[in-house]
Amino acid sequence: MSLILDKVSLNIDGHPILKQISFRLSIGQSLVVLGNSGAGKSKLLEVVAGLLKHQSGKISFAGREQDTLSPQERKIGFVFQDYALFPHLTAEANILFGLKARQAPIKEQAKWLKAVAAELKIDHLLKRFPAELSGGQQQRVALARCMVFRPEVLLLDEPLSALDAASRERLALLMKKIQKKYRVTMLYVTHDHNEARYMGDQVLVIDQGRVIQMGKPEEIFSRPVSRFVAHFTATRNILPGRITKRCGDDLARVEVASGELMSTSFPARGEDVWVCLRPEYLSLSDTLPEVSDRISDARSGKLAANFVSGYRIVQIIPQSGVTVLVELVKQGERLLVFASNREIEQQGLHVNSDVELTVDAGQVHCLPRQAEDIYCRPE
């Protein structure tokens, strides 16, 4: 049983907004929708909710067609980016608004208000008005308003974008817990890659109204299907390269400006490629393993990492927490690497330090490099 969109298209004033959107999401799973502003993410949620009528295609949930149902008839909860709370109503009245509109029994209203308020830890805020609540508290009230009538599908349109980092983290953990506990099927729009990786059982990348790639988070981030997806998911290092030798079906040698790398992820045909290296998969070292050790690894059949020397640190940029972003150059080629403060200090690295770079062949992802590929946009 699934939420299924089959070739759903939407036009507004003659302009195509969604183009043949198709996907299948198992009941109880969460799908994170990623895309640029104007890609069609919010419109996709509105179509699923029935707030916008699509011109073609079908939507079904658990075997029931949704296309002819009104928004009120669909068991869907919608949490908007701006919370959409009624300012003249208390938190309690906002939460119960939907149940009262459906003329739910008073006992049922009280039961679910108590349960959801306790789950979201807002039971002490029920008599306050929205203006008396923080952004995070308002978002919890908006989520509670959806959860009290036990939706089968929960739609969230960038629900955490207006919150500070600490509040985003706390509320993301809470939403994930509730979604899994009640097995709610969830569509979650965000620009935040960390949210996407944590919140999604599946990730959908959409661009100009089209589905570009859908898969598990690790697949989307580690194995993008195009340069556009690689760039959008913050791969950071996307280098022009050329496959110089294929060593069977699962290993290839690829040449970039700074040297050669071994890769286990490469196209079946063609030689010109984009080489994608995520900064979190690269490691810095002030020494290389002994040559004898690397030869031993090769003879034993183990897939040894790539070892590349000759890089120089040109910049160390502090990030959030204990992480730094290190910029390296070699022969005019620029790479970005995530490292910990402790790692930098222990190795005594600084700007102008010469370093060695290691990356596993399994983390060197190569894409076809084709000028006519409309999704290989320049950065």
For this session: Let me have the relative contact order for region 2-215, percent, based on Cα pairs under 8 Å that are six or more residues apart.
Result: 32 percent
Problem set entry | Links that overshoot a 19 Å alpha carbon limit, given the list 127/180; 121/176; 7/41; 19/75; 41/121 | 127/180; 19/75; 41/121
Exercise. Taking the chain as a Gaussian network, Cα atoms linked when under 10 Å apart, which of 211, 225, 351 shows the biggest mean-square fluctuation?
Worked result: 351
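Local charge sum around residue 264 (other residues, Cβ-Cβ under 9 Å, Lys/Arg +1, Asp/Glu -1)?
Values: positive: none; negative: 250, 360.
Its environment carries a net charge of -2.
What order do you get for 191, 54, 231 when you list them from fewest to most C-beta neighbours inside 10 Å? Numbers along the way, then the final one.
Working: 191 14, 54 23, 231 19.
Listed from fewest to most nearby Cβ atoms, that is 191, 231, 54.
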Exercise. With a sphere of radius 14 Å drawn around the Cβ of residue 338, what net charge do the other residues whose Cβ falls strictly inside it have (Lys, Arg +1; Asp, Glu -1)?
Worked result: 0
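What is the order of 86, 232, 149, 80, fewest Cβ neighbours within 10 Å to most? Write down the numbers at each step before the final one.
Working: 86 12, 232 23, 149 19, 80 16.
The most exposed by this proxy come first: 86, 80, 149, 232.
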For this session: Could you bin all the Cα-Cα distances of region 49-204 into 10 Å bins starting at 0 and give me the percent of pairs in each, rounded to whole numbers?
Result: 10, 39, 36, 14, 1
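At 0.36 nm per residue, and after removing the present C-alpha to C-alpha distance, how many nm does the segment from residue 72 to residue 315 gain when stretched out fully? Walk me through the numbers on the way to the answer.
Details: separation 243, 0.36 × 243 = 87.48 nm, distance 5.52 nm.
Full-extension gain reported as 82.0 nm.
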Exercise. Whole-Hz Karplus ³J(HN,Hα) for region 13-23, in order, using 6.51 cos²θ - 1.76 cosθ + 1.60 and θ = phi - 60°, x for Gly and Pro?
Worked result: 6, x, 9, x, 9, 10, 10, 6, 6, 9, 6
For this session: Report the local net charge at residue 189: Lys and Arg +1, Asp and Glu -1, summed over other residues whose C-beta lies under 13 Å from its C-beta.
Result: -3
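For the chain, what is the calculated [θ] at 222 nm in deg cm²/dmol (nearest 500), taking -39500 (n - 2.57) for each run of four or more DSSP H residues and dividing by its residue count? Can you show the working numbers first?
Working: 10 runs with 99 residues, N = 379.
Theoretical 222 nm ellipticity from helices: -7500 deg cm²/dmol.
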For this session: Read through the labelled values [x] 21.0; [y] 23.5; [z] 21.7 and report the label of the one computed as Kirkwood radius over Cα pairs in Å from the structure.
Result: [y]
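Out of region 50-105, which GluC sites (Glu not before Pro) are coil in DSSP terms and have no more than 13 other C-beta atoms within 10 Å?
Numbers: sites: 65, 73, 92; in loops: 73.
Within region 50-105, the qualifying GluC sites (Glu not before Pro) (loop, at most 13 other Cβ atoms within 10 Å) are 73.
Every number in this text was worked out from the coordinates using simple rules, so none of it is lab data. Being a predicted model, the structure only gives us computed values, none of them experimental. For neighbour counting, all protein chains shown are included, and Cβ atoms are generated from backbone atoms with ideal geometry for every residue, glycine included.
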